[in-house]
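K.L.:
Mind looking over this structure? Questions follow.
Just so it is clear, none of the values below were taken in a lab; they were calculated from the coordinates. Note that the structure is a prediction, hence the values are computed from the model and not measured. In this analysis, Cβ positions are derived from the backbone assuming ideal geometry, glycine residues included, and neighbour counts consider all displayed protein chains.
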Amino acid sequence: MLTNYLKLAWKVLLRHPFYTFITLFGISLTLTVLMVLTSFLDHLLGPHYPETNRDRSLYIQMMTQTDTAGTTQMKGPMSFRFLTDYVKSLQTPERVSISSVMNSSNAYVGSQKIKLNTKFTDADFWRVMAFDFLEGKPYNEQNIAAGDQVAVISDDFKKEYFGSASEPVVGKTIEIENVHYKVMGVVRGSPVTRFFTHAKVYFPYTAPKSNYQNTGFRGNYIAIVLAKDQSDFKAIQDEFYDRVSRIPVPQYEGGTKYDVLKVMNETYADNFLGTIMEGPGLRAVFLSIVGFIVFMLLGLPAINLVNVNVSRILERASEIGVRKAFGAPVRTLLWQFIIENLFITFIGGGIALVLTVVIIQLINHSGWIAYADLTINLTVFLVSVGVCFVFGILSGVLPALRMSKLKIVDALKG
Amino acid sequence: MIKLQHVEKVYRTSAIETLALNNINLDVQKGEFVSIMGPSGCGKSTLLNIIGLLDEPSRGVVEIGGRRVEKYRDRELAHLRNEKLGFIFQSFHLINDLSVLDNVEIPLLYRSSSARQRRALAQEALEKVGLSNRMKHFPKQLSGGQKQRVAIARAIVGKPEIILADEPTGNLDSAMGNEILSILQNLNKDGATIVMVTHDDAMAKKTHRLIRLFDGTQVL
Ligand SMILES: Nc1ncnc2c1ncn2[C@@H]1O[C@H](COP(=O)(O)OP(=O)(O)O)[C@@H](O)[C@H]1O
Ligand SMILES: [Mg+2]
């Protein structure tokens, strides 16, 4: 029975190459765009190397100070001291890591200049993040307390600086801005899209030029708070916000008096959205735009598909009449058309999957985003398959239902 | 085998009402070969479609194999069509996308049977109509007479007790027509009850009984 339907479905596809092309084109294009987009979003927001703990992390990245008149606002990362006083000592989290934002620097190999990003971190940074050490190990609390001039470098930087990917470099010295550091470890690099972890060289925060002793609240450090579990988020946020609310205002910093102090403590996605736009209203706008795009991507092809199918099935009125005349129940015919439509949608889904894999591989290998690691996320794929399924059912059932209402004698007249 | 009581069929279109059948009473016995004649538009096809459960009467009772069908739902009607009835149309109504063999197998798709059984039965039916050498062909590659023989094979493949033929030779030349008639006669000898609409007096004479319609009314 099933093979019969599939055989017929195949013949129907071949008989109407134009319909088939339009339908397949619509389905595969839609699904490809959808899958590449979600894969990209997943790359940006999902828990991926080395930030695999994102799911249970909160980010403290932005402090806002507003002055008495409400005219001047200072926004930005915080001082190492502030984070130590108000975040590191929180009771509810499992662990807190403090690290600097990315700094730009230069190194020289002979006369060749290497541009590089650096980060100052604490020892917990290596525990909160899940870096792969290709060589050596991270610096620990003793290195930091001793003020050791050590560094962890990325595999890319190792190749640039030492000229070889295979030779071990732990124990060797690198020179950056006239300071010598001993290499303690080499990690597989983090993509540039992960700005909390991306860098070529990582220093202990007690290394020169880290400014970790700055007083005042503003600085260039951020904190990542690892919760034991997502369910602790609320408690962590409450504890933190409670502490911040106890900070006496007004305060003076940089010659300005300000009396409102706000520090965000958010999940990665919220923090990410907050960085590109501000205010809950804007976020709603953003979400509705995304919703609208998804609707256009999915809804329009679906409607088009249903239309194409209606005319395609109506063309086969006489076949339906014949089948009914020889004992086909309406329900069986409905199934026949559903199977035919699922068949074509899944062919489209297959094409989309192949296209998506190709596009993702191109992005990953183009060097467009360093260390890009886009993948087809299983959820995305399953959702796409589900969407295919709904397309198939809808576009098969509606016309077939119309068809089944037709009386046999009328159907036979074509 | 087939019993119609006070059957009436009215077609309503926006402008006019057509009384296509008017108080038809009919009783066809098992094993009978009945022909229906009458001028064009007198309701022959309408009558045959009602007997074949392809259309419903506006009034009256239809009994097939002793079962009154007016309360039957789609599934039960489909089952009855599949089990008891085999239809042969004037314009063949083969499915062009399917091979001869697949066309003949259609009635068997809607009952429980294995692919191998279906194939064997379809081959047997095609042998009966002398077309076993055309199984892999498609309808477009056949002549009119061959198409009608495929249609007959399809009508008999499920071994129905009743065969209904609406001008089965109407689109064929007389030699071909006679061949089709003799196939039907053989099926009748094997026990099938047959009702055939025809324009041809000579053919009608070869059947057991003749029913004449005029303007929706039975006159003979
Ligand atoms: N679907 C329909 N709608 C309206 N009138 C119809 C329909 N089918 C048949 N008729 C009318 O019913 C009458 C009988 O038709 P039909 O049974 O096809 O005649 P025959 O087969 O004897 O030529 C004709 O007048 C025809 O116009
Ligand atoms: Mg007719």
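K.L.:
Which ordering of A:Asp229, A:Asp238 is given by a fewest-first count of other beta-carbon atoms within 10 Å?
P.N.:
A:Asp229, A:Asp238
K.L.:
For A:Glu253, list long-range residues whose amide hydrogen, built 1.01 Å from N in the peptide plane, is under 5 Å from its own amide hydrogen.
P.N.:
A:Tyr258
K.L.:
Given the rule -39500 (n - 2.57) for each run of at least 4 DSSP H residues, summed and divided by the residues of the protein assembly as shown, what is its mean residue ellipticity at 222 nm, to the nearest 500 deg cm²/dmol?
P.N.:
The helix contribution divided over the protein assembly as shown gives -14000 deg cm²/dmol.
K.L.:
For the protein assembly as shown, report the translational diffusion coefficient in µm²/s to the nearest whole number, using Stokes-Einstein at 25 °C, 0.890 mPa s, and a Kirkwood Rh over Cα pairs.
P.N.:
78 µm²/s
K.L.:
Given that compact globular proteins tend to follow 2.2 N^0.38 Å, what is the ratio of the alpha-carbon Rg of the stretch A:62-263 to that value?
P.N.:
1.13
K.L.:
Mind checking the mean number of beta-carbon atoms from other chains within 10 Å of the Cβ atoms in A:314-326?
P.N.:
That works out to 6 on average.
K.L.:
Within 10 Å of each Cβ in peptide B:114-120, how many partner chain Cβ atoms are there on average? Round it to a whole number, please.
P.N.:
So the per-residue partner count for this stretch is 1.
K.L.:
Taking only the C-alpha atoms, wrap a convex hull around the stretch A:20-117 and report its volume per residue in Å³ as a whole number.
P.N.:
Expressed per residue, the convex hull around the Cα atoms of the stretch A:20-117 is 290 Å³.
K.L.:
Please label the shape of the stretch B:45-180 as rounded, prolate or oblate, based on the square roots a ≥ b ≥ c of the eigenvalues of the alpha-carbon gyration tensor (a/c under 1.5 means rounded; beyond that, a/b larger than b/c means prolate, else oblate).
P.N.:
Because a/c hits 1.5 or more and a/b fails to exceed b/c, the stretch B:45-180 counts as oblate.
K.L.:
Additional query: How much net charge surrounds A:Gln65 when only the other residues with a Cβ under 13 Å from the Cβ of A:Gln65 are counted, with Lys and Arg +1 and Asp and Glu -1?
P.N.:
Neighbourhood net charge equals +1.
K.L.:
Principal axis lengths of the stretch A:163-302 from Cα atoms, whole Å, largest first?
P.N.:
58, 54, 33
K.L.:
Would you calculate the separation in nanometres between label points at A:Thr72 and A:Val354, each defined as 7 Å from the Cα along the Cα-to-beta-carbon direction?
P.N.:
Computed distance between label sites A:Thr72 and A:Val354 equals 6.4 nm.
K.L.:
Let me ask something else about it. Please give the peptides A:15-26, A:300-311, B:144-155 ranked by average Cβ packing (other Cβ atoms within 10 Å per residue), highest first, as a rough proxy for protection.
P.N.:
My ranking of the peptides, most packed first, is B:144-155, A:300-311, A:15-26.
K.L.:
Pairing the Cα long axis of helix B:174-189 with the longest principal axis of chain B, what angle in degrees results, from 0 to 90 and rounded to the nearest 10?
P.N.:
Roughly 90 degrees, rounded to the nearest 10.
K.L.:
Report Rg (one decimal) and Dmax (nearest whole number) for the stretch B:7-48, counting Cα atoms only, units Å.
P.N.:
So, for the stretch B:7-48, Rg and Dmax equal 12.6, 42 Å respectively.
K.L.:
Would you please put A:61-74, A:257-270 in order of how densely packed they are, using the mean number of other Cβ atoms within 10 angstrom per residue and starting with the highest?
P.N.:
Those peptides, ordered most packed to least, come out A:257-270, A:61-74.
K.L.:
Taking the Cβ of each residue in A:Cys388, B:Cys42 as the centre, tally the other Cβ atoms inside 10 Å and list the residues starting with the fewest.
P.N.:
B:Cys42, A:Cys388
K.L.:
Residue by residue through A:115-124, how many Cβ atoms from other chains fall within 10 Å of the Cβ on average?
P.N.:
Across the residues of A:115-124, the mean count of other-chain Cβ atoms within 10 Å is 0.
K.L.:
Please figure out what share of the DSSP beta bridges in chain A is antiparallel and state it in percent, rounded to the nearest 5.
P.N.:
Counting only bridges with both partners in chain A, antiparallel ones make up about 85 percent.
K.L.:
Moving on to the next point. Counting only DSSP beta bridges with both residues in chain B, what percent are antiparallel, rounded to the nearest 5?
P.N.:
50 percent
K.L.:
Hey, another quick one. When the convex hull of the Cα atoms of the stretch A:74-152 is projected onto a plane and the area is averaged over all directions, what value comes out in nm²?
P.N.:
Taking a quarter of the hull surface, the average projection is 7.8 nm².
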